[in-house]
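Okay, so here's the structure we're looking at.
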């Protein structure tokens, strides 16, 4: 290898824009959270297995309906998650631009997650409440007004929890939209700077 080749490579290496360490750390943190989120998918699968076991043991229409419906929701959720996570696991290159593009894609993924949750959570809750009521009615648990009041209280509590989760999702959506706008502005500034050079 000639000395001038080495000098050319050195100049090229130094001319590459350095990726800000804060951006790298942020992307690495997000990757850890995404892996934890993927690990958390074990819980719905365990719940789905539990509904199948219950349907096999009890063998009544509401339990079978609960098992089938639960798996429909699980499969829809997994398909959405798979589609929404495509191409967001790592930067295309070790450049500021690539890390910025990845951060933007991840913000868009979060916004998609939130939109999906805002539709999915109420539908799943409604399904579970209807089937739970059918299960309770099949066991003749609903006999008196006090029984109806207890069940209604439980259902209202579940609806309240879902309502709080949805409010948190809306607040998160506002924060993520602001972050996305900031990142898109940074990307535009970076592109303008590169075009000026």
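The values are calculated or read from the model by the stated rules, or taken from the named source; none is laboratory data. The model shown is predicted, which means the values in this text are computed figures rather than measured ones. Heads up, the Cβs are rebuilt from the backbone with ideal geometry, glycines too, and the neighbour counts pull from every protein chain shown.
Brief remarks on what is shown
- For the stretch 133-147, a tally of residues being surrounded by 12 or more Cβ atoms within 10 Å (Cβ to Cβ) and without any contact (Cβ under 8 Å) to a residue 24 or more places away in the chain returns 6.
- Residues being outside any helix (DSSP H, G or I) and either within 30 Å of residue 104 (Cα to Cα) or in contact with a strand residue (DSSP E or B) (Cβ under 6 Å, 6 or more places away or on another chain) (or both) - total across the stretch 22-73: 2
- Residue that is farthest from residue 120 (Cα to Cα) [pool: residues in the stretch 153-162 that are more than 18 Å from the chain's Cα centre (by Cα) and either in contact (Cβ under 8 Å) with a residue 24 or more places away in the chain or surrounded by 13 or more Cβ atoms within 10 Å (Cβ to Cβ) (or both)]: 154
- For residue 181, the criteria (1) without any contact (Cβ under 8 Å) to a residue 12 or more places away in the chain; (2) surrounded by 14 or more Cβ atoms within 10 Å (Cβ to Cβ); (3) assigned to a helix (DSSP H, G or I) hold in every case but one, which is (2).
- Of note, residue 193 satisfies the criterion of being over 29 Å from the mean Cα position of the chain (by Cα), free of Cβ contacts under 8 Å to residues at least 12 places away in the same chain and surrounded by fewer than 16 Cβ atoms within 10 Å (Cβ to Cβ).
- Yes/no for residue 46 being loosely packed, with under 15 Cβ neighbours inside 10 Å, out of contact with any helix residue (DSSP H, G or I) (no Cβ under 9 Å at 6 or more places or on another chain) and without any contact (Cβ under 8 Å) to a residue 40 or more places away in the chain: yes
- Residue within the stretch 166-173 that is surrounded by fewer than 16 Cβ atoms within 10 Å (Cβ to Cβ) and either more than 17 Å from the chain's Cα centre (by Cα) or not in a helix (DSSP H, G or I) (or both) present: no
- Residue match in the stretch 74-96 (condition: in a helix (DSSP H, G or I), touching a helix residue (DSSP H, G or I) at 6+ places or on another chain (Cβ under 6 Å) and closer than 25 Å to residue 183 by Cα): yes
- When the stretch 117-131 is filtered for residues that are crowded, with 16+ Cβ neighbours inside 10 Å and within 12 Å of the chain's Cα centre (by Cα), only 117 remains.
- In the stretch 1-21, residue modelled with the highest pLDDT [restricted to those that are under 30 Å from residue 194 (Cβ atoms) and not in a helix (DSSP H, G or I)]: 20
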